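Undergrad: Pasting a structure below so you can have a look.
The values are calculated or read from the model by the stated rules, or taken from the named source; none is laboratory data. No experiment lies behind these values; they were computed from the predicted model shown. Heads up, the Cβs are rebuilt from the backbone with ideal geometry, glycines too, and the neighbour counts pull from every protein chain shown. What goes into the accessible areas is simple: the full protein's heavy atoms, side chains included, and nothing from ligands, DNA or RNA. Shrake-Rupley method; radii C 1.70, N 1.55, O 1.52, S 1.80 Å.
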Number of protein chains: 2
Amino acid sequence: MKNIRGIVFDLYGTLFDVHSVAAACDACHPGRGREISVMWRQKQLEYTWLRSLMADYVDFEQATRDALVFTSRQLQLSLDEAARSALCNEYLKIKPYPEVPEALARLQAMGLPLAILSNGSVNSIRSVVAASGLVLRFKHLISADDAQIFKPHGSVYTLAEQQLSCDRSELLFVSSNAWDASGARHFGYPVCWINRAGNAFDELGQSPDHVVQGLDELADWLAAQQITSGS
Amino acid sequence: MKNIRGIVFDLYGTLFDVHSVAAACDACHPGRGREISVMWRQKQLEYTWLRSLMADYVDFEQATRDALVFTSRQLQLSLDEAARSALCNEYLKIKPYPEVPEALARLQAMGLPLAILSNGSVNSIRSVVAASGLVLRFKHLISADDAQIFKPHGSVYTLAEQQLSCDRSELLFVSSNAWDASGARHFGYPVCWINRAGNAFDELGQSPDHVVQGLDELADWLAAQQITSGS
């Protein structure tokens with residue numbers, strides 16, 4: 001994997017922790033925060049896939065709001081319009097995983113262009129990255145919104161090779177979501193799966209090229225391979 | 001809804017209980033049966049959606065087997081090849097919900113053609129229906145395999161209007177899966193959602209035309225409207 005010319009990251013669950021919102025959920029419904037956050041995330045994913053298959057696209061912020069509405073109804077928890085908006089706003093301020101800021105700085109110092117390719121809307125991606133103070137790390141912020149469909153559809157994965165003017169074989173795709181890593185691998189990217197939680201990899205006919213437990217470990221691995229922009 | 005000319009049913013979770021397999025799962029891993037069955041079903045659904053979006057179709061039996069492999073690995077439960085095959089075979093013998101046999105007989109007696117439109121393979125659908133002794137109730141058994149993609153993609157929903165030679169507006173689509181009911185509604189079928197469990201309906205921009213708690217209630221409702229083949 002010495003001929004890589006850029007790194008493309010997934011955002012939600014990969015660089016940033018979607019369960020950052022659990023505390024705010026817990027403030028609304030004490031003791032239920034994690035339960036709300038887990039169902040909200042699961043439904044958010046499902047709605048992106050289902051909307052894509054139904055050919056009835058809405059952007060990520062709408063899918064996120066819809067998933068929260070479902071979650072509050074399914075769990076029979078009251079959530080008025082103001083509370084919904086406040087929680088959705090928390091999704092625009094989710095936090096990076098602890099090792100991410102320093103690891104990104106190291107990766108950037110290697111001279112490779114770093115990009116985000118996310119199902120998030122342009123506004124969502126920019127808001128999350130800006131709130132974390134990491135905006136200068138990235139050369140490209142790429143949204144599935146440009147394809148009007150969500151990952152793992154190929155129309156989204158191709159946006160990164162187009163934006164970075166590289167062949168897919170030259171870009172390392174990094175995701176913690178096994179379904180996303182599988183989609184990218186099937187599309188043709190070399191893939192690194194960040195498996196922080198010790199999960200099994202999804203059985204979608206694909207295997208990641210490399211597996212790490214955190215982004216720092218990826219930086220170590222690439223440094224050991226002496227990957228630089230000139231190599 | 002007096003001008004309907006046929007009824008199209010989803011199979012898994014609608015007429016037949018996917019958690020029929022929980023007892024066999026429990027026999028393999030005592031005390032874990034329901035947990036296995038729930039994760040297996042969730043991953044089975046996800047794999048059908050993800051494979052469809054990735055344009056990397058495998059049939060339902062393969063997706064079911066893949067989902068079981070993931071589940072055993074994720075839960076760190078040993079499951080050798082023989083046990084996997086035995087459990088997958090259980091999926092070919094799942095049981096109808098208690099009210100289903102009599103309600104189907106009543107619906108058939110109204111003179112409307114009854115059809116199944118399922119993500120299952122031809123073999124899966126035939127096996128499940130034959131094992132239940134309900135094969136004579138159905139005029140059409142229609143598999144997503146003919147479209148080489150899964151619901152809620154429109155290419156699957158159109159198979160029923162083609163097979164029954166009806167316009168979509170003339171067929172009542174019946175599902176317990178809210179995502180499937182939403183997909184069918186978006187496609188253009190009038191939809192009845194069977195909500196046995198008292199769930200919230202998915203927030204996918206659609207609403208069912210009618211909601212019942214069981215298939216018997218649907219038969220009551222149609223009988224009250226005097227829907228017959230001649231009306």
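Undergrad: Which of B:Q108, B:Q162, B:Q62 moves the most in a Gaussian network model of chain B with Cα springs under 10 Å?
TA: Residue with maximal mean-square fluctuation among B:Q108, B:Q162, B:Q62: B:Q162.
Undergrad: Sorting A:R73, B:R51 by accessible area (1.4 Å probe), largest first, what list results? If you can, show how the numbers build up before the last one.
TA: Working: A:R73 125, B:R51 20 Å².
Listed by decreasing accessible area, they come as A:R73, B:R51.
Undergrad: OK, next. Could you check what % of the DSSP bridge pairs in chain B are antiparallel, to the nearest 5? Please list the in-between numbers first.
TA: Numbers: 2 of 20 bridges.
DSSP beta bridges in chain B are roughly 10 percent antiparallel.
Undergrad: I'd like the mean, over residues of A:187-200, of how many other protein chain beta carbons sit within 10 Å of each residue's own Cβ.
TA: Numbers: counts 3, 0, 0, 0, 0, 0, 0, 0, 0, 0, 0, 2, 3, 8.
Partner-chain Cβ atoms within 10 Å, mean over residues of A:187-200: 1.
Undergrad: Let's test the formula: R0 of 60 Å, r as the Cβ-Cβ distance of A:K139 and B:V135. What FRET efficiency results, to the nearest 0.05? If you can, show how the numbers build up before the last one.
TA: Numbers: r = 60 Å, r/R0 = 1.01.
Approximately 0.50, to the nearest 0.05.
Undergrad: Moving on. Could you tell me how many degrees, from 0 to 90 and to the nearest 10, lie between the Cα long axis of helix A:100-109 and the main elongation axis, the longest principal axis, of the Cα atoms of chain A?
TA: Result, in degrees: 30.
Undergrad: Could you tell me which residue out of A:L136, A:P101, A:M54 lies farthest along the dipole of region A:43-200 toward its positive end? Charges go on the beta carbon: Lys and Arg +1, Asp and Glu -1, centred on the Cα centre.
TA: Checking the options against the dipole of region A:43-200, the answer is A:P101.
Undergrad: Place +1 on the Cβ of every Lys and Arg and -1 on the Cβ of every Asp and Glu in chain B, take the dipole about the Cα centre, and give the residue among B:A184, B:M39, B:A115 whose Cα lies farthest towards its positive end.
TA: B:A115
Undergrad: Using the Cα centre as the reference, give the magnitude of the dipole from point charges on the C-beta atoms of the protein assembly as shown (Lys, Arg: +1; Asp, Glu: -1; all else neutral), rounded to the nearest 20 debye.
TA: Numbers: 40 positive and 52 negative charges, 16 e Å.
About 80 debye.
Undergrad: For labels at B:W221 and B:D146 in the simple 7 Å Cα→Cβ model, what's the distance in nm?
TA: Modelled inter-label distance: 2.6 nm.
Undergrad: How shielded is A:73-86 by partner chains, expressed as the average number of their Cβ atoms within 10 Å of its Cβ atoms?
TA: Per residue, the number of nearby Cβ atoms from other chains is 1 on average.
Undergrad: Here is a follow-up. Placing a label point 7 Å from Cα toward Cβ, how far apart in nm is A:V135 from its equivalents in the other copies, listed shortest first to one decimal?
TA: Inter-copy label distances (nm, one decimal, shortest first): 6.6.
Undergrad: Once you keep just the Cα pairs under 8 angstrom separated by 6 or more residues, what percentage relative contact order results for region B:19-81?
TA: Details: 46 pairs, mean separation 17.8, N = 63.
Value for region B:19-81: 28 percent.
Undergrad: Moving on to the next point. Residues of region B:1-40 with the amide nitrogen closer than 11 Å to a label point 7 Å from the Cα of B:E170, along Cα-to-Cβ, please.
TA: Once the point is set 7 Å along Cα→Cβ of B:E170, B:3-6 turn out to lie under 11 Å by backbone N, inside region B:1-40.
Undergrad: Out of A:G111, A:G205, A:G33, any idea which swings most in a Gaussian network model of chain A, alpha carbons joined below 10 Å?
TA: Result: A:G205 has the largest fluctuation of those listed.
Undergrad: So what is the relative contact order of chain B, in percent, for Cα pairs below 8 Å that sit 6 or more residues apart? Don't jump to the answer; show the numbers that get you there.
TA: Numbers: 374 pairs, mean separation 55.7, N = 231.
Once divided by the residue count of chain B, the mean separation gives 24 percent.
Undergrad: How are the Cα pair distances of region A:1-127 distributed, in percent, across 5 Å bins from 0?
TA: Once binned at 5 Å, the Cα pair distances of region A:1-127 give 2, 10, 18, 21, 17, 12, 9, 6, 3, 1, 0.
Undergrad: Considering only chain A, pick the residue with its Cβ nearest the axis of the rotation onto chain B, and state the distance in whole Å.
TA: Closest to the axis: A:W49, 2.
Undergrad: What does the charge count around B:T158 come to, taking other residues whose C-beta lies under 13 Å from its C-beta (Lys +1, Arg +1, Asp -1, Glu -1)?
TA: Details: positive: B:K151, B:R168; negative: B:D146, B:E161, B:D167.
Around B:T158, the surrounding residues sum to -1.
Undergrad: Quote the relative contact order of region A:81-193 in percent (integer), defining contacts as alpha-carbon pairs under 8 Å separated by 6+ residues.
TA: Values: 133 pairs, mean separation 21.8, N = 113.
Computed value for region A:81-193: 19 percent relative contact order.
Undergrad: Keeping all protein chains in position, work out how much accessible area A:R34 exposes to a 1.4 Å probe, and write it in Å² to the nearest 10.
TA: For A:R34, the solvent-accessible surface is approximately 140 Å².
Undergrad: About the Cα centre of region B:137-230, what is the dipole size in debye to 20, counting +1 per Lys and Arg Cβ and -1 per Asp and Glu Cβ, all else neutral?
TA: Around 120 debye, computed over region B:137-230.
Undergrad: Rg to Rh ratio, chain A, alpha-carbon atoms and Kirkwood radius? List each step's numbers first, then the result.
TA: Details: Rg = 17.4 Å, Rh = 18.0 Å.
In chain A, Rg relative to Rh is 0.97.
Undergrad: Once the label point is set 7 Å along the Cα-to-beta-carbon vector, what list of distances in nm do you get between A:A197 and its counterparts in the other copies?
TA: 1.9
Undergrad: Right, another one. For the residue pair A:S155 and B:R106, what label-to-label distance in nm results when each label sits 7 Å from Cα along the Cα-to-beta-carbon direction?
TA: About 4.4 nm, to one decimal.
Undergrad: Next question, about the same structure. How large are Rg and Dmax for the protein assembly as shown when calculated on the C-alpha trace, in angstrom?
TA: 23.5, 77
Undergrad: Just from its helices, what would the mean residue ellipticity at 222 nm be for chain A, if runs of 4 or more DSSP H residues each count -39500 (n - 2.57) and the sum is divided by every residue, rounded to the nearest 500 deg cm²/dmol? Show your work: numbers first, answer last.
TA: Working: 9 runs with 106 residues, N = 231.
Computed ellipticity for chain A at 222 nm equals -14000 deg cm²/dmol.
Undergrad: Still on this model: Using a/c under 1.5 as the rounded threshold, could you call region A:1-73 rounded, prolate or oblate? The axes a ≥ b ≥ c are square roots of the C-alpha gyration tensor eigenvalues, and prolate needs a/b larger than b/c, oblate otherwise. Please report the intermediate quantities before stating the final value.
TA: Numbers: a/c = 3.38, a/b = 1.42, b/c = 2.38.
Note, shape of region A:1-73 comes out oblate.
Undergrad: At each listed q (0.13 Å⁻¹), what is the log10 of I(q)/I(0) that the Debye formula gives for region B:58-109 modelled as equal alpha-carbon point scatterers?
TA: Rounded to two decimals, the profile gives -0.48.
Undergrad: Pick out which of B:L75, B:L134, B:L215 has the largest mean-square fluctuation in a Gaussian network model of chain B, springs linking Cα atoms closer than 10 Å.
TA: B:L75
Undergrad: Counting partner chain Cβ atoms within 10 Å of every residue's Cβ in A:40-53, what's the average?
TA: Counting other chains' Cβ atoms within 10 Å and averaging over A:40-53 gives 5.
Undergrad: Compute the projected area of the convex hull of the Cα atoms of region A:136-218, averaged over all viewing directions, and report it in nm² to one decimal place.
TA: Values: hull surface 23.0 nm².
Seen from a random direction, the Cα hull of region A:136-218 projects 5.8 nm² on average.
Undergrad: Okay, next question. Tell me the label-point distance for the pair A:R126, B:N89, using the 7 Å Cα-to-Cβ offset, in nm and rounded to one decimal.
TA: 6.0
Undergrad: Where the convex hull is taken over the Cα atoms of region B:107-183, what is its projected area averaged over directions, in nm²?
TA: Averaged projected area of region B:107-183's Cα convex hull equals 5.2 nm².
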